[in-house]
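Asks: Structure provided below as structure tokens; questions to follow.
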Amino acid sequence: MSHQGAALQSYNNELVKCIEDLCSKRDELHRQTLVEEEEKQKLQSEIRSLTERLAKVNESLAKKMAARNEYDKTIAETEAAYMKILETSQTLLNSVKGSINHMDGGKRHENEYRA
């Protein structure tokens, strides 16, 4: 019987050691889980912060693009109006030159009749 008692004691000691090992592994896993949970919280906080910054940048870009489009529109309208002014100025210049030539031509005819 003492042999069985010794075997039982040996099994008991091994079982206690296995349980202690399992507890140790569980504790280490729990420690790692806590570290990773903390890292997860930090990352989620960074994501929130970056998401807010991204939204602000997108909003700023949208405003700037709208302003740029307004500049483009104003420039195009101004250039078109300027071209019309140039065309009108050319037409006016041609008209004035024609009138001057017509008046000068009439004076030549008058001078020709007087001579």
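Asks: Of the conditions (1) at pLDDT below 95; (2) polar (S, T, N, Q); (3) under 27 Å from the mean Cα position of the chain (by Cα), SER45 clears all except one; give me its number.
Replies: In the conditions (1) at pLDDT below 95; (2) polar (S, T, N, Q); (3) under 27 Å from the mean Cα position of the chain (by Cα), SER45 misses (1) alone.
Yes/no per residue for (1) of a type in the set (A, V, I, L, M); (2) touching an Asp or Glu at 6+ places or on another chain (Cβ under 6 Å); (3) modelled with pLDDT of 95 or more:
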{"residue": "ALA7", "(1), (2), (3)": "yes, no, no"}
{"residue": "GLU59", "(1), (2), (3)": "no, no, yes"}
{"residue": "THR74", "(1), (2), (3)": "no, no, yes"}
{"residue": "TYR82", "(1), (2), (3)": "no, no, yes"}
{"residue": "SER89", "(1), (2), (3)": "no, no, yes"}
{"residue": "GLY98", "(1), (2), (3)": "no, no, no"}
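The values are calculated or read from the model by the stated rules, or taken from the named source; none is laboratory data. Computed from a prediction, not measured in an experiment: that's the story for all the values here. All Cβ positions, glycine included, derive from the backbone under ideal geometry; neighbour counts span all protein chains shown.
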